[in-house]
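The block underneath contains the structure these notes are about, expressed in structure tokens.
The values are calculated or read from the model by the stated rules, or taken from the named source; none is laboratory data. Model, not experiment: these values are computed from the prediction. For neighbour counting, all protein chains shown are included, and Cβ atoms are generated from backbone atoms with ideal geometry for every residue, glycine included.
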Amino acid sequence: MLTLTSRRANRGSGSCDRLARRSFLTIGGMALGGLSLPQVLRAEEESGTGSNHKGIINIYLPGGPSHIDLWDQKPDAPAEIRGEFSPIETNVPGIRICEHFPRMAQMMDKFIPIRSISDADGRHDGYQCMTGRKFGSRKPPGGWPAMGSWVSHLQGSVNPAVPPNVAMMYQTGNRTWGEPGTGGFLGVAHTPFNLVGKKARSSADSMTLQGISLERLQDRRQLMSGFDSFRRAADTSGVMESMDVYTQQALGILTDSALADALDLSKEDPAIVARYGKSDEKFQRDGAPKMIENFCIARRLIEAGARVVSLNYSRWDWHGGDGMNFPRSRQEFPLLDQGLSALVTDLHERGLDKDVSVVVWGEFGRTPKINKNNSRDHWPRVSCAMLAGGGMNTGQVIGETNRLGEYAKERPVKFQEVFATLYHNIGLDTGTVRVFDQSGVPQYLVDEGIEPIHEIIPQDLKTASA
């Protein structure tokens, strides 16, 4: 969150004007480690910028959604495998999905179900969905960057008022379900710019200037300049003068309406917002809230200039003693169906379907065999994802599991293959792009030998990239 002041900070000060001379330009929250916004902007400038504006929306379903109940049903399996739901036909012959996704079924030609992700780490966190890597894999000094951090470093900002790497990851009771990743060895400047926190209130509220007028903000800027004047006079390297440039940019983000406007759904056509369904601000136990309208905000952020938007949605871990797998599915599936179909419809109506990729997934799948609590336990052997947009060849299924949904029978897919595909869609060549880490070792976007999923890359794009 961007914060100029807070009630806690001002309590007992006697005046809301008594702010530390640099604190009012600090980005709140843990994500950036308390770095000042001017410092972040300077670091981003030093990394270079890009020009093309394609985007990625990464929707993480924390807890491990059930692949066999979502988009890979087994109606001919025994009752203890197939569960309570039936498959329905879609507008693509041969593709069937759960009956609780009727909207997506009618536009399956715009989706790509992946049914054979086969290298889940098995950890209850979003690390693999944010970085593509397993948590225990060899890490370079500083760690692996999140997907948006790579993109931020390599392509830079589209709009100075909108960070290229944005997250709407709520801080969850299970901490690892709310972590958007970090900048890793690329540095804190490319860490996801998280716009939400522990409260599921409007993101736009967090972006306001907290009642401080632009005139008063400029007064504080003059105060900063006065305190720094003696240092500026002694600075012969030009560093202080350059810092003024980044302070100007920081003020631009704080005072420009682009980011706040993108977060403000009151500026969206009410009929469009209604497509997505109604959000529920209540946190789902130790998971995230059902803020389905954040799908719309993600699209608005991309339009405003963000390149990658990551978000967590609800809670998908239902195998405890409450036996809630199927009752919760009946609640969750229709809303996810509505939100995803609305998002993809919006992208196509706005002509963004060639430029904006969408991925929806969790950290692992669920046991094909239903347990004694009428639920499904953790199952890292296979999981699923749903892709859309990005100019991909949609209307096809990637991969197949065996008749009981236990493992990938055909076309096993790795998390990093999905990442390679998303990087390809946004204009990054995973085979040649590299960045030297803090030890001087070249690091690539994905591991050696990993390529985009060739079935869904249009032939003309393959030829162009070659």
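Under the condition of being surrounded by 17 or more Cβ atoms within 10 Å (Cβ to Cβ) and free of Cβ contacts under 8 Å to residues at least 24 places away in the same chain, the residues counted in the range 303-331 number 1.
One line per residue, one yes/no per condition, for (1) surrounded by fewer than 17 Cβ atoms within 10 Å (Cβ to Cβ); (2) among the small types (Gly, Ala, Ser):
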position: Glu89; (1), (2): yes, no
position: Gln106; (1), (2): yes, no
position: Ser157; (1), (2): no, yes
position: Gly173; (1), (2): yes, yes
position: Gly184; (1), (2): no, yes
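Here Val360 qualifies as within 14 Å of the chain's Cα centre (by Cα) and in contact (Cβ under 8 Å) with a residue 40 or more places away in the chain.
The condition of being assigned to a loop (DSSP other than H, G, I, E, B), surrounded by 15 or more Cβ atoms within 10 Å (Cβ to Cβ) and at pLDDT 95 or above holds for only one of Leu428, Leu422, that being Leu428.
Screening the candidates Thr394, Thr401 for the property of being touching a helix residue (DSSP H, G or I) at 6+ places or on another chain (Cβ under 7 Å), crowded, with 18+ Cβ neighbours inside 10 Å and not hydrophobic (A, V, I, L, M, F, W, C) yields one hit, Thr394.
A quick yes/no check of all residues on (1) at pLDDT 95 or above; (2) assigned to a helix (DSSP H, G or I):
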residue	(1), (2)
Ile292	yes, no
Cys296	yes, yes
Arg299	yes, yes
Val309	yes, no
Arg315	yes, no
Gly323	no, no
Pro327	no, yes
Pro334	yes, yes
Leu343	yes, yes
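Checked against (1) more than 16 Å from the chain's Cα centre (by Cα); (2) modelled with pLDDT of 95 or more; (3) not acidic (Asp, Glu), Lys282 meets all criteria but (2). Within the range 453-463, not a single residue is closer than 24 Å to Ile95 by Cβ, of a type in the set (D, E, K, R) and surrounded by 15 or more Cβ atoms within 10 Å (Cβ to Cβ). The lone criterion from (1) buried (at least 21 other Cβ atoms within 10 Å of the Cβ); (2) out of contact with any His (no Cβ under 8 Å at 6 or more places or on another chain); (3) part of a helix (DSSP H, G or I); (4) among the hydroxyl-bearing types (Ser, Thr, Tyr) left unmet by Ser357 is number (3).
Okay, residues lined up against (1) more than 26 Å from Ser157 (Cα to Cα); (2) not basic (Lys, Arg):
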residue	(1), (2)
Gly399	yes, yes
Gly405	yes, yes
Lys409	yes, no
Val413	yes, yes
Phe419	no, yes
Val433	no, yes
Gln443	no, yes
Val446	no, yes
Gly449	yes, yes
